1. Would you mind stating whether residue 344 is open to solvent by 30 Å² or more (accessible area, probe 1.4 Å), modelled with pLDDT under 90, of a type in the set (Ser, Thr, Tyr) and farther than 24 Å from residue 174 by Cβ?
2. Restricting to region 227-253, what's the tally of residues that are open to solvent by less than 50 Å² (accessible area, probe 1.4 Å), more than 30 Å from residue 182 (Cβ to Cβ) and either within 17 Å of the chain's Cα centre (by Cα) or free of Cβ contacts under 8 Å to residues at least 60 places away in the same chain (or both)?
3. May I ask you to verify whether residue 177 is in contact (Cβ under 8 Å) with a residue 12 or more places away in the chain, at positive phi and in contact with a His (Cβ under 7 Å, 6 or more places away or on another chain)?
4. Looking at (1) part of a loop (DSSP other than H, G, I, E, B); (2) buried (at least 19 other Cβ atoms within 10 Å of the Cβ), which one does residue 266 not meet, given that it meets all the others?
5. Any residue that is under 22 Å from residue 259 (Cα atoms) and either within 15 Å of the chain's Cα centre (by Cα) or of a type in the set (Ser, Thr, Tyr) (or both) - is there at least one of those in region 138-151?
6. Which of the residues belonging to region 109-125 are at pLDDT below 90 and either among the β-branched types (Val, Ile, Thr) or outside any strand (DSSP E or B) (or both)?
7. Residue 166 fails exactly one of the following numbered conditions: (1) within 18 Å of residue 20 (Cβ to Cβ); (2) open to solvent by less than 30 Å² (accessible area, probe 1.4 Å); (3) at pLDDT below 90. What is the number of that condition?
8. Residue by residue through region 132-168, note down the ones that are closer than 19 Å to residue 335 by Cβ and part of a helix (DSSP H, G or I).
Amino acid sequence: MWSQLKEIAAQGLPFVCFRMPNSNLIKVYQQKDTALNILKDFDKVGFVFAPFDTTELPTIFLTKDATLSFEYRIEEPRRSNTTTDFLESDKTSYLNRIKKAVTAIKGGGYQKIVLSRSIQAQLNKDATTHYKSCLDSYTNAFCYLFYHPRVGTWLGATPERLCKLKGNTIKTASLAGTWVAENSSLPNWGQKELEEQQMVTDYIIAALKPFSKSVSVSKVQSVKAGNLWHLKTNIEGQLLTSQSLLQVVQDLHPTPAVCGIPKMDAKKYILQNEGYSRSYYTGYLGPVNSLHGETEIFVNLRCMQLSATDATIYVGGGITKDSIPENEWEETQAKSKTMGALLS
């Protein structure tokens, strides 16, 4: 199985390998040429890979010209005894950006701004080996390995679904708040995390309502992803027509969980003040019309971009008026261990 995947990767053609959360089925889509296809609608079979800023980079549609699937059962979840230690060279700069964002929020005009940063690390294994570690480590996440010669290699284990469409039923969820899992006890969430979660929930409901006959919302629950806990609310709607999906996705992306509130103002602030390009981090990705017309799209979190010798890991956090810069820094350090553990 892994030898087949390595052969596909060696061909230099665009491909994606992915596994749905809590599944044993791994699928591989391969494109027959190196064309950079741009997503126009969700009416074809393939895989979408979109950036954070769709005006900066293209939203890629990888066609399903050849496919491979196989069962992969994990005998025992991978537990790394060591994690990569990252230098704190950018700590002062990141803390200053957080302080600036808190000041901007308190000054009015913003409720939340999500700030992120990138971390460089060395690779000592090939991409398919790191992907196997990803599968073994994060069984309840959407685990993927994506390659296009015009974009590069990306690997991730994201816990956040943007939306799932089957027929006219659309399912999505708001995910916010972060708590490091130190033992089996549930987190003691503070007011800051609860308010942040409600902001995301309210935003998604407002985005769905214009295209839906009805929208239902679950109670807030605590869910675990790797070594982290998050707050999650499930949201379901009945779309007026399945053709509304493209518009819904465009309205949802980027969500407050990766951008802020108000969305366009927060996005403009990020592009002007974050200090680097997120590229495809906090974009969206997933299989389109993969099974019985289902389309399932995830937010590209817990991810890294790979080169022959290095990895760029992306992490971030939501900033509100109550944010404490040192705490926000520690949150990104904790998040970095999700991908960092795969490099050990």
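The values are calculated or read from the model by the stated rules, or taken from the named source; none is laboratory data. All values reported here derive from a predicted model rather than from experimental measurement. With ideal geometry, Cβ positions are generated from the backbone for all residues, glycine too; neighbour counts draw on all protein chains shown. Just so you know, the surface numbers come from the protein's heavy atoms only, side chains and all, with ligands and any DNA or RNA stripped out. Shrake-Rupley method; radii C 1.70, N 1.55, O 1.52, S 1.80 Å.
1. yes
2. So the count comes out to 4.
3. It is true that residue 177 is in contact (Cβ under 8 Å) with a residue 12 or more places away in the chain, at positive phi and in contact with a His (Cβ under 7 Å, 6 or more places away or on another chain).
4. Residue 266 satisfies all of (1) part of a loop (DSSP other than H, G, I, E, B); (2) buried (at least 19 other Cβ atoms within 10 Å of the Cβ) except (1).
5. Scanning region 138-151 turns up at least one residue that is under 22 Å from residue 259 (Cα atoms) and either within 15 Å of the chain's Cα centre (by Cα) or of a type in the set (Ser, Thr, Tyr) (or both).
6. 109, 123, 124, 125
7. (2)
8. 133, 134, 137
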